[in-house]
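So the structure is just underneath, and the comments pick up after that.
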Amino acid sequence: MFFDPETWVAVAFVILMVVFGYLGVFKSVMTALDHRAERIKAELDDALRLKQEAAKVLADYKARGASAEREAQDIIANAKSEAQRIAAEAKAKMEDFVARRTKTAESKIALAEAQALADVRAAAAEAAVQAASTILSQSVKGQVADDLLAKGITEVRQKLN
């Protein structure tokens, strides 16, 4: 038994443990392990806190995204209603413009008809005066003819115009 290597390893191990106990190595190892456990616990607490903060930030961004989506839908709805209102106004303005143009064109046509009628009457009066002048100048002669001719021309012009 004293010649077995396992026995000498066991004796050496026991002696080493006694020396470690005397020098306080166990206490320093335990202190180091306690410090490491505290540090790991603090890191886990920080990681948990960061996870909770990240969850809050994520929820906040999701809420903001939903709010932005609702706002975008509202903007689109307002834009559509505004476009419909503008289109209706433009249609009403166009109809009013067409009505005014039609009325203006009709008044110009009526004025042109009146002017053409007046021109025709004036031409007819002028032709009648010329015809009367020619007929009277050939049938009546002298001073009386000139007086009658001037008086007749004046009357015809006044009546026809």
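Readers should treat all values here as calculations from the given coordinates under stated rules, not as data from a laboratory. Everything quoted here is computed from the prediction, not taken from an experiment. Cβ atoms come from the backbone with ideal geometry, glycine included; neighbour counts cover every protein chain shown.
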Original post:
What is the local net charge at residue 53, summed over the other residues whose Cβ is closer than 13 Å to its Cβ (Lys, Arg +1; Asp, Glu -1)?
Top reply: 0
Original post:
Considering lysine pairs in the chain that are 8 or more places apart or on different chains, how many have Cα atoms under 21 Å apart?
Top reply: 9
**OP:** Would you kindly compute the Cα radius of gyration of the chain and its largest Cα-Cα separation (Dmax), both in Å?
**Re:** 61.0, 188
Original post:
In a shell of Cβ-Cβ distance under 15 Å around residue 85, excluding residue 85 itself, what net charge do Lys and Arg (+1) and Asp and Glu (-1) give?
Top reply: +1
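Which whole-number percent is the relative contact order of the chain (Cα, under 8 Å, 6+ apart)?
It rounds to 15 percent for the chain.
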Original post:
222 nm [θ] for the chain, helices only, -39500 (n - 2.57) per DSSP H run of 4+, per residue, to 500?
Top reply: -35500 deg cm²/dmol
Subject >> Extension gain from residue 100 to residue 15, taking 0.36 nm per residue of separation minus the Cα-Cα distance >> reply: 18.6 nm
